[in-house]
Amino acid sequence: MLFRQFFDPDSSTYTYLFASAPGREAVIIDPVKTQAEQYLTAINQLDLSLVKAIDTHIHADHVTALGDLRDTTGCMSMMGEYTQAECVSTHVRDGEIVDTDGVQLQALYTPGHTDESFSFVLRPSAPQAVFTGDVLLIRSSGRTDFQNGDPGLSWDSINERLFTLPEETMVYPAHDYKGWTASSIGEEKHHNPRLAGTSRQQYIEIMNNLNLANPKMMDVAVPANLACGQISVP
Ligand code: FE
């Protein structure tokens with residue numbers, strides 16, 4: 001399989017592009033508007049045809065490239081069924097399998113970071129990887145203090161859904177702030193300091209006491225992303 005990970009240094013966002021092989025249809029997850037040219041370069045050089053652009057959730061820290069990629073390539077824009085982004089052409093339901101030229105992704109509803117967050121499991125019949133958005137990060141987890149976040153639901157999504165995947169399943173999150181590029185379900189089960197050996201109540205207390213500042217771009221990014229990244233906000 002062809003698999004590429006891109007990084008946006010301004011927001012520490014990871015974007016994933018993959019296809020069964022060069023020359024085939026491709027899918028991209030969590031693309032960043034300011035990096036769209038890079039993705040298009042790779043897509044052209046690898047002779048891919050981009051058919052799906054997926055956001056795991058409405059991001060608060062960067063503007064999505066979903067709309068721009070749709071306009072440039074004619075790809076489908078896709079989010080989970082509970083998104084408020086009406087610009088998206090396709091809404092996936094929990095459990096639905098998204099097939100791209102033989103590459104299968106299963107949509108998994110994993111609320112907590114936001115109330116509309118989805119994760120996507122690569123090759124659900126024998127899971128290889130899971131794209132977790134911001135629900136599960138490497139040795140961390142996505143904040144739950146805005147966009148209808150809920151630490152209890154975050155705990156449930158991680159423990160009852162993601163942690164039921166095989167331990168060797170690779171974890172590819174939407175962000176990392178320390179330079180880690182990938183993890184696995186087993187690693188996070190055993191070494192994630194917020195999750196390993198903590199109770200649901202302890203996790204809720206940890207998450208309710210993070211005292212984080214709002215993302216710099218939040219006031220711009222959230223309304224822009226509700227329009228697939230294509231409105232200018234004063
Ligand atoms: Fe987020």
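The values are calculated or read from the model by the stated rules, or taken from the named source; none is laboratory data. Remember, predicted model here, so these are calculated numbers, not experimental data. Glycine gets a Cβ as well: all are built from the backbone with ideal geometry, and neighbour counts include every protein chain shown.
Laid out as a table, the results:
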item	result
Lone unmet requirement of (1) farther than 21 Å from residue 209 by Cβ; (2) of a type in the set (S, T, N, Q); (3) surrounded by fewer than 17 Cβ atoms within 10 Å (Cβ to Cβ) for residue 148	(1)
Residue list for the stretch 58-69, restricted to those being assigned to a loop (DSSP other than H, G, I, E, B) and in contact with a Gly (Cβ under 7 Å, 6 or more places away or on another chain)	63, 65
Any strands (runs of 3 or more DSSP E) falling wholly within the stretch 87-176 and containing at least 1 residues that are aromatic (Phe, Trp, Tyr) and modelled with pLDDT of 95 or more	103-109, 118-122, 129-133, 170-173
Selection within the stretch 177-200 - out of contact with any strand residue (DSSP E or B) (no Cβ under 6 Å at 6 or more places or on another chain) and either aromatic (Phe, Trp, Tyr) or in a strand (DSSP E or B) (or both)	177, 180
Among residues of the stretch 128-156, those that are within 14 Å of the ligand (Cβ to nearest atom) and either touching a helix residue (DSSP H, G or I) at 6+ places or on another chain (Cβ under 6 Å) or under 15 Å from residue 198 (Cβ atoms) (or both), counted	6
Residues that are assigned to a loop (DSSP other than H, G, I, E, B), surrounded by fewer than 22 Cβ atoms within 10 Å (Cβ to Cβ) and touching a residue at least 60 places away in the same chain (Cβ under 8 Å), drawn from the stretch 20-57	20, 24
Of the criteria (1) within 17 Å of residue 16 (Cα to Cα); (2) away from the ligand (no atom under 16 Å from the Cβ), which one residue 120 fails	(2)
Pair list, Cβ < 7 Å and 6+ apart or interchain, from the stretch 221-234 residues that are farther than 14 Å from residue 66 by Cα to residues that are modelled with pLDDT of 75 or more and outside any loop (DSSP other than H, G, I, E, B)	233/220; 233/223; 233/224
Residue satisfying all of: in the stretch 70-86; in a loop (DSSP other than H, G, I, E, B) and away from the ligand (no atom under 16 Å from the Cβ); nearest to residue 141 (Cα to Cα) among these	81
Index of the failed condition, residue 91 passing every other in (1) within 25 Å of residue 153 (Cα to Cα); (2) surrounded by fewer than 22 Cβ atoms within 10 Å (Cβ to Cβ); (3) touching a residue at least 40 places away in the same chain (Cβ under 8 Å)	(3)
Residue tally, condition within 16 Å of the ligand (Cβ to nearest atom), free of Cβ contacts under 8 Å to residues at least 60 places away in the same chain and touching a Gly at 6+ places or on another chain (Cβ under 8 Å), over the stretch 157-182	2
Subset of the stretch 60-69 (residues that are under 12 Å from residue 29 (Cβ atoms) and either within 13 Å of the ligand (Cβ to nearest atom) or of a type in the set (Ser, Thr, Tyr) (or both))	64
